[in-house]
Structures are given as C-alpha cells and as structure tokens.
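K.L.:
Just dropping this structure here.
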Amino acid sequence: GSVEVLGRVGLHLGTAFQVVDDLLDIRGEPQLTGKGVWVDLEEGKLTWPLLVMLERCPELHRELCAQPELFGQSQARLRKQVLACQADEATAAFAQELAATAHHELGQLPKGPAHHALSTLVDTLVSRVR
C-alpha cells in the first residue's frame with residue numbers, strides 16, 4: 001500500500017541525502033553548504049566516495065588495511081586519489097540513481113500536493129550535485 005511505498009521513498013531519499021552530503025564534502029563550497037570541504041575525510045569518516053575509491057584502487061585499499069594509521073596521515077593523497085579515479089563522478093551518478101528510484105516509487109502514488117512536494121524535494125536534493 002501507500003505506507004510501504006512512502007517507506008521506500010523515504011529510504012531512497014535518506015540514502016540520497018547522505019550520498020549528496022558525502023559528495024559535497026568533496027565538491028562543496030563552504031559558504032553555500034555551511035561546512036568545510038574534506039571535513040569528513042579529516043574526521044576519518046569512511047564516506048561513499050572513499051568506498052568507491054578503495055574499490056577502484058585495490059593497492060591503496062590493501063595498504064590502508066595493513067596500516068590504518070595512514071588514513072589520518074595521507075589525507076592529501078586520498079583527496080588526490082578520490083578525484084583521479086573519478087569517485088566523485090560515481091557518487092554523483094549514484095545519487096541520481098537513488099533519486100530516479102524515489103521518483104519511480106512516487107509514481108505509484110496518487111497525484112496531489114503531497115506527491116508534488118516529495119517530488120520537488122527529491123529534485124532539489126539531487127540538484128545540489130549537478
């Protein structure tokens with residue numbers, strides 16, 4: 001029913017929000033986002049772009065697994081690698097996929113003000129990474 005559909009929309013929307021936040025940590029402008037760039041990396045948070053980078057760079061993954069202390073010591077190298085392997089682009093594409101899935105789910109609900117509001121929310125969220 002509608003409750004299940006709304007639950008799935010919420011799941012996709014929430015995941016998209018986090019992925020967009022991860023991406024804004026790389027690409028964002030602090031004056032617009034309200035947070036500095038690379039803050040998550042500096043705090044040692046394993047974000048979606050870092051996971052993509054580690055998947056695409058198995059040698060770096062092995063190195064960081066063997067010496068986890070390098071994570072905090074190699075921020076400049078990690079930043080460069082995230083961009084070099086286009087993990088930021090892959091993250092943006094994933095956010096778009098999540099938004100498309102949320103829109104697909106919304107398509108199962110009757111049109112009206114709530115439907116329009118949720119659809120606009122999904123579009124606004126993802127527009128932050130275009």
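The values are calculated or read from the model by the stated rules, or taken from the named source; none is laboratory data. Just so it is clear, the structure is predicted and the values come from calculations on it, not from any experiment. A quick note on method: Cβ atoms are made from the backbone with ideal geometry, for glycine too, and the neighbour counts reach across all protein chains shown. Just so you know, the surface numbers come from the protein's heavy atoms only, side chains and all, with ligands and any DNA or RNA stripped out. Shrake-Rupley method; radii C 1.70, N 1.55, O 1.52, S 1.80 Å.
K.L.:
Taking a temperature of 10 °C and a viscosity of 1.306 mPa s, what whole-number D in µm²/s does Stokes-Einstein yield for the chain with Rh from Kirkwood over alpha carbon pairs?
P.N.:
For these conditions, the coefficient is 100 µm²/s.
K.L.:
OK, next. Please calculate how many Å² of accessible area the chain carries per residue, with a 1.4 Å probe and no DNA, RNA or ligand atoms counted.
P.N.:
57
K.L.:
Can I ask one more? Excluding Leu60 itself, calculate the net charge of residues whose Cβ lies under 13 Å from the Cβ of Leu60, where each Lys or Arg counts +1 and each Asp or Glu counts -1.
P.N.:
Here the charged neighbours net out to +2.
K.L.:
To the nearest 20 Debye, how big is the dipole of the chain about its Cα centre, given +1 on the beta carbon of each Lys and Arg and -1 on that of each Asp and Glu?
P.N.:
Taking the Cα centre of the chain as origin, the dipole is about 220 debye.
K.L.:
As I understand it, the dipole of the chain uses +1 on the Cβ of Lys and Arg and -1 on the Cβ of Asp and Glu, about the Cα centre. Which of Thr101, Gln75, Leu41 lies farthest toward its positive end?
P.N.:
The listed residue farthest towards the positive side: Thr101.
K.L.:
Also, I was wondering about something else. Loop only by DSSP, 15 or fewer other Cβ within 10 Å of the Cβ. Give me the GluC sites (Glu not before Pro) in the range 58-130 that pass, ordered by residue number.
P.N.:
Within the range 58-130, the qualifying GluC sites (Glu not before Pro) (loop, at most 15 other Cβ atoms within 10 Å) are Glu69.
K.L.:
Determine the share of the chain's accessible area contributed by carbon and sulfur atoms, expressed in whole percent, with a 1.4 angstrom probe.
P.N.:
Heavy-atom surface of the chain belonging to carbon and sulfur, 1.4 Å probe: 58 percent.
K.L.:
Another question about this same structure. Please build a GNM for the chain, connecting alpha carbons under 10 Å apart, and tell me which residue among Thr120, Thr15, Thr91 fluctuates the most.
P.N.:
Judging by the Gaussian network model, the answer is Thr120.
K.L.:
With an 8 Å cut-off on Cα pairs and a minimum separation of 6 or more residues, tell me the relative contact order of the chain in percent.
P.N.:
38
K.L.:
How large is ³J(HN,Hα) for each residue in the range 8-24, as worked out from phi by the Karplus curve 6.51 cos²θ - 1.76 cosθ + 1.60 (θ = phi - 60°), to whole Hz, x for Gly and Pro?
P.N.:
5, 4, x, 5, 5, 5, x, 5, 4, 4, 5, 5, 5, 4, 4, 5, 5
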